[in-house]
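K.L.:
First, the structure itself, so that you have it in front of you.
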Amino acid sequence: QVQLVESGGGLVQPGGSLRLSCAASGSIVSISDMGWYRQAPGKQRELVATITRAGYTNYAGSVKGRFTISRDNAKKTNYLQMNSLKPEDTAVYYCNVRLLRSSLTTYQDYWGQGTQVTVSS
């Protein structure tokens, strides 16, 4: 079994900051890419940021320069530091991890349960 536990969401005023965390646990042999996606009401889920095992990052244009993704491979955890938050960042944020389980031979994608981020005054 694999579990992804997200934390760090909440309510913040425009211009504020939040840090999301996503910790993977279970029968994991290896983790490759980790990332965050978000889904606002009435909209499709969209990519926010990804990071490879080597630390290469990719960001959506709307968050570039404001959000920073990082990871701690030893802890099987990745983080999303969100600064200068805007009302349009309001969404449910989902952690995504591509990993190899001990009982399998191919990497698979796993999703967290989602954490609500609300930016409002």
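Please treat every number below as a calculation from the coordinates, not as lab data. It should be emphasised that the depicted structure is a prediction, and the values quoted were computed from it without experimental measurement. Heads up, the Cβs are rebuilt from the backbone with ideal geometry, glycines too, and the neighbour counts pull from every protein chain shown.
K.L.:
Amide H of ARG101 versus every other amide H placed in the peptide plane: which residues, excluding those fewer than 5 positions away on the same chain, fall under 5 Å?
P.N.:
VAL29, GLN108
K.L.:
Dipole size in debye (nearest 20) for the chain around its Cα centre, Lys and Arg Cβ +1, Asp and Glu Cβ -1?
P.N.:
The calculation lands at about 140 debye.
K.L.:
Can you list residues whose amide H is under 5 Å from ARG71's amide H, if they're 5+ apart or on another chain and H is modeled 1.01 Å from N?
P.N.:
TYR79
K.L.:
Now for a different question. Most mobile of GLN44, GLN108, GLN13 per a Gaussian network model of the chain (Cα springs, under 10 Å)?
P.N.:
Ranking GLN44, GLN108, GLN13 by mean-square fluctuation puts GLN44 first.
K.L.:
Based on the Cβ-Cβ distance from ALA74 to GLN108, what FRET efficiency comes out when R0 is 22 Å, to the nearest 0.05?
P.N.:
0.50
K.L.:
Here's another thing I want to ask about it. What list of ³J(HN,Hα) values in whole Hz, one per residue of the stretch 36-41 in order, does the Karplus curve 6.51 cos²θ - 1.76 cosθ + 1.60 (θ = phi - 60°) give from phi, with Gly and Pro shown as x?
P.N.:
Per residue, the Karplus-derived 3J(HN,Hα) values read 10, 10, 9, 9, 8, x Hz.
K.L.:
Moving to a separate point now. Calculate the spin-label point distance for GLU88 paired with SER121, positioning each point 7 Å from the Cα along the beta-carbon direction, and give it in nanometres.
P.N.:
A separation of 1.7 nm, rounded to one decimal place.
K.L.:
I need to check one value: relative contact order of the chain, counting alpha carbon pairs closer than 8 Å and at least 6 residues apart, in percent.
P.N.:
Averaging sequence separation for qualifying contacts and normalising by length gives 35 percent for the chain.
K.L.:
Between the alpha-carbon centers of the stretch 83-108 and the stretch 1-75, tell me the distance in whole angstrom.
P.N.:
First find each Cα centre; the distance between them is then 5 Å.
K.L.:
Could you go through the stretch 11-17 in sequence order and give the Karplus-derived ³J(HN,Hα) for each residue, using 6.51 cos²θ - 1.76 cosθ + 1.60 with θ = phi - 60°, rounded to whole Hz, and x for Gly and Pro?
P.N.:
Karplus values, whole Hz, x for Gly and Pro: 9, 9, 7, x, x, x, 10.
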